[in-house]
Structures are given as structure tokens and as C-alpha cells.
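Shown next, in C-alpha cells, is the structure this report addresses.
Just so you know, all these numbers are worked out from the coordinates, no wet-lab data involved. None of the values given here were measured: they were computed from a predicted structure. Using ideal geometry, Cβ is built from the backbone for each residue, glycine included, and neighbour counts are taken over all protein chains shown.
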Amino acid sequence: MENPPSSPTSRRLTVSSIGLGKLGLCSAACFAGKGHRVIGVDSDGTHIEALNAGRCPIDEPGLADLLDRCRGDMEFTTDHGYAVRNSDITMITVPTPSNPDGRFSNACVEAVLDRISPSLRAKDAFHVVGVVSTVMPGTCERVFVPLLESRTGKKCGRDFGLLYNPEFVALGSVIHDFLHPDLLLIGASDDRSAQTARDLYGSVIESDPSYAVMNLTNAEITKLSLNCYVTMKISFANELAAICEKIPGADVDVVTTAIGADTRVGRKYLKGGLGFGGPCFPRDNLAFQRCAEDAGTWAHLSPRVVEVNREIVDRLAAMVEEHTLPGSTVALLGLSYKPGTHVVEESQPVMLAQRLLDAGYAVRMHDPKALAGASAALRGRGVYCDCPYDAVADASVVVILTPWPQYSQLDIGRLEDRAGPLPLLIDCWRICRNASFKKFEYRAFGTAAQPSGRITYDIGAGILHQDGRRRAPILGRPAVQHPALA
């Protein structure tokens, strides 16, 4: 299984794709879009009804158009057995949520394996079962193979094959990422199954990726550790941004651009800003730590990566609290954990909103897609605005959190007109750094603040002022005036 991939076959395969969520439906449509026949399966009957009626139930760029183009090669059903009986390969993409201890739950995958086992047992032809869902290292060999062998009476590698074939895609760009991977990771129980996976993916992808073909356990470790390495790069860039904020003349973008030019590092995910969120990265770090514990060792870097990620919300909250008191209005622009998606799972903007609401601030919010999700997560607290200019009305602090493209097109003068007196603009991704400000005090993550005017320490009030603005509480400092450093 370690040999280079052979040329992809032109044979048209029938793929049963079980689990038609954000990833499963996109990958199924990509297979069909390249000429393979696809049987999509989901246990949610309303989901299947929508798809059979020609509707797209998933909000993902490009998916609706792709489904419209390839519906002639797709059918949708809730019948798992029918799908297995009439396909060459089954790809399983169902949730593996985190247990309270941080390890992934196999319940949904095991339920699917139970459902397909009778048809797999009755099938004479060699059938390949692929697990796409993220699982703990050792799961395929210790759990899935014994389960399938006991339910079917067949031998894995001889009568059927098992793949662990996770994807490396991001919400908001799933289709592009699926078709243009840097890496194709194939964990296989046997050479025949590995070749089937190489043929299938080789006929679909539009890039020239590296093929990594290995045993099931190594593939499980590779998936988990690669995601954790990416979060380490993110947290390093964010820790560097926090340092640059404290050094006059420092700019994290200048530094990371230079660092990323070194091929030992690379530019991807090396940009100071908000931390990582969403449904994968945070939980993968915890699972990686549990994996190390299960192996009798300790993952030293991963806990610090998570700690740095959590500290970003603390930094943001401190910036707000230094500028204005509870009861004031704070506007948050961007609530999804990243642009291009409505998902607010583990979203740092939503965490900041929660922190400010709990502290007594009036919070007004805008996001192009995530207002409903944020409202549900915050239980309706705060004010939700369809227009970003309405969100900043009377705000003492405006925070640009998610780097949606439309925020770089905002009319700064109009924002300043709507904001309250002496407002602070916190720009987490520096998308407004070249704008001209007449009213906003501008703070960019990862760059040193440039104070002007005179700073006053008022020991009686216990407050630091700059040009009449409340900046920060102080303790035990003598009342004195001095020029601010430029």
C-alpha cells in the first residue's frame, strides 16, 4: 500500500454516500458531478424529501448549482440496504460528536455499520466500506473491523474492505477544497480497497495532490495530528499578534509574511487575528490530548494551543472594558466562526457577545448569515440587526470580528456618523487599516497602539483618561500629566 498511485481508472463507479450533511452531500455531489452514479442516504426523511423535490437543504457555496447539474446521476433514499446492494463502495460521513471526556463518539458510525451489515453479508461481490468521519486512533481496527466481521460472517480484507478516508475541507469552501486537495489520505485494510479509493478520488479531483496510503491506524493519527498542527500555527500567529501589540512600531502582518515565506513554515493559517472555532479544530485538540493519554504519554503543546485560543476573547473583552463602562453599547460585526458560513459553533465572536452581555453591556450585532444561530446560542439576548450601520447605532465600541468581504467595503464615514461619541473601533483582522478616521479611535489586533495627545491619571476617580476618553482603571497611581509616547 506504500507504492505511488497508479493512473486513475475511467470506470464509472456507483457510490453510496451515507450521511448527507455539510460534507457528505457536497462530496456526493462532487462524485456525481464527475460522472459517477451516487445513491445518497440519510436517516432524516425530511432531508431526503427536500432533495428528491429538487431543493438543497444545505447552505454551502456552489452546492445548489452543482446538485442541479448532476441530479441525473443521483438518487436519494433512507434505505441503507438498498444503497449497499446497488453500489461498489460506501462512504460514511456521519457525526462523531465529542464525549464529555473529549474522545469522539462512534455511536452514529456503529449504527450505520449495523444497518448495512445484512446487505453486506448477502452480497457476493467484494464491497468497500469507507469511513470519512473523524475517529479516535485505533477505532477502525479495534471497533469497526470486529463489528463488521461479526455481523456479516465475512473476513475484512478478503470478502470486503474497510477504508479510513477523512477529508481536509473547510465550511464555506467545501466543494473547492474537496476538488483541490493538497493531500489525499487513504487508510486501507488491504491493497484492493486502497486501489479502489485511489481510482475513485483520482477520477474526481482537479489538483495534483500527494497521495498518502497507509494502514488504518496511521491514517487515523494523521488526520487528528494534522488538524492539531494547523491550530498550533493559528495560535502561534495569535500569540505573536499579542506581543506585537505591546511593541511600538510592530506589525504582525509584516512579521508573519516574512516568516511564511520560509518553506519550512508556509503562509497558510499564519495570520494573527481571532482564534480557531467551528465544529472540528477545538474538539480535535481535546481528542488529541485524550489520544496521548490513552497511549500512556502526554501531549504538551496541545493544551497551550487551546489556552492561547481562549485568551483571545479575554484580550478583546479587556479592550472594551478599558474604553467604556458596562451599560454602554458595543457593536459586534461578524458572528460566525469564519466567513462564508452561518455556523457559530465554538465561535469566538459569540463568546465575546456572551461575556459582554453577562457584564452588563448593551450588545448590538450583525452578520450576513449567522444572526439566527447567534440568537439561538445567546438565547435571544442582545439586539440583532440586518444592517451593519444599524448595529453600530450609538455604540461606544465597534468590533469587526469575522472578516466577511463586505466589511472591507463599509463606508467608514457612515459608521462614524451612526456611532456614539468618542467611539473605539477594534479591527481584529486589520481590514480597515488604510481607512481615514475622523471620529473613531482605531485599534488593530497585532499592531501597536499609536496614542496621541495627553494622558491623565486621575487617582481620585481611579481612571486613566486620554484626550478626555476613559481608557483604563488604575490602582495606586499618583495624579500626574505627561505627554503620551508617539
query: In terms of Cα to Cα distance under 18 Å, which lysines are near enough to LYS246, apart from those fewer than 8 places away along the same chain?
result: LYS271
message: Please report the net charge: other residues with Cβ closer than 15 Å to the Cβ of GLY153, K and R +1, D and E -1.
response: +2
field: Fraction of beta bridges assigned by DSSP in region 83-240 that are antiparallel (%, nearest 5)
entry: 15
- line: Looking only at lysines whose Cα falls under 22 Å of LYS34's and that sit 8 or more positions away or on another chain, we get LYS22
message: Largest first, please: the extent of the C-alpha atoms of region 14-214 along each principal axis, to the nearest Å.
response: 42, 39, 36
message: At most 15 other C-beta atoms within 10 Å and a DSSP loop state: those are the exposed GluC sites (Glu not before Pro) I care about. Give me the longest piece of the chain that has none.
response: 207-486
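Which semi-axis lengths, in whole Å and largest first, follow from the square roots of five times the eigenvalues of the Cα gyration tensor of region 217-343?
Whole-Å semi-axes of the equivalent ellipsoid: 29, 20, 15.
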field: Gain in span if fully extended, ASP411 to CYS387, counting 0.36 nm per residue against the direct Cα distance
entry: 7.4 nm
message: As an exercise, take the mean of 1/r over every pair of distinct alpha carbons in the chain, invert it, and state the Kirkwood radius in angstroms.
response: 24.9
task: Distance from a point 7 Å along Cα→Cβ of TRP298 to each backbone N in region 216-237: keep the residues under 13 Å and list them by number.
output: none
field: Fully extended contour minus Cα-Cα distance, from ARG192 to ARG310, at 0.36 nm per residue
entry: 38.0 nm
- line: Cβ density ranking, 10 Å radius, fewest first, applied to ARG85, ARG267 yields ARG267, ARG85
- prompt: Longest segment of the chain with no chymotrypsin sites (Phe, Trp or Tyr not before Pro) in a DSSP loop having at most 14 other Cβ atoms within 10 Å?
  reply: 1-297
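Counting only DSSP beta bridges with both residues in region 34-154, tell me the antiparallel percent, nearest 5.
10
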- prompt: What does a probe at ALA372 reach in region 314-357, counting residues whose amide N is under 20 Å from the point 7 Å along Cα→Cβ?
  reply: 334-347, 350
query: Quick one: of the DSSP bridges fully inside the chain, what percent are antiparallel, nearest 5?
result: 25
task: Quick one: dipole size for the chain, taken about the Cα centre, charges +1 on Lys/Arg Cβ and -1 on Asp/Glu Cβ, in debye to the nearest 20.
output: 380
message: Roughly how far apart, in whole Å, are the Cα centres of region 137-202 and region 303-340?
response: 39
query: Among the lysines, which have Cα under 26 Å from the Cα of LYS154 when same-chain residues fewer than 8 positions away are ignored?
result: LYS123
- request: Starting from the Cα of ALA261, step 7 Å along the direction of its Cβ; do the same at ARG151; then give the gap between the two resulting points in nm.
  value: 5.5
query: Which one of SER189, TYR389, VAL174 has its Cα pushed farthest toward the positive end of the charge dipole of the chain, where Lys and Arg give +1 and Asp and Glu give -1 at the Cβ?
result: TYR389
query: For the residue pair THR78 and ALA449, what label-to-label distance in nm results when each label sits 7 Å from Cα along the Cα-to-beta-carbon direction?
result: 5.8
query: What is the set of long-range amide H partners of GLY420 at a cut-off below 5 Å, with H atoms built 1.01 Å from backbone N?
result: ASP394, ALA395, SER396
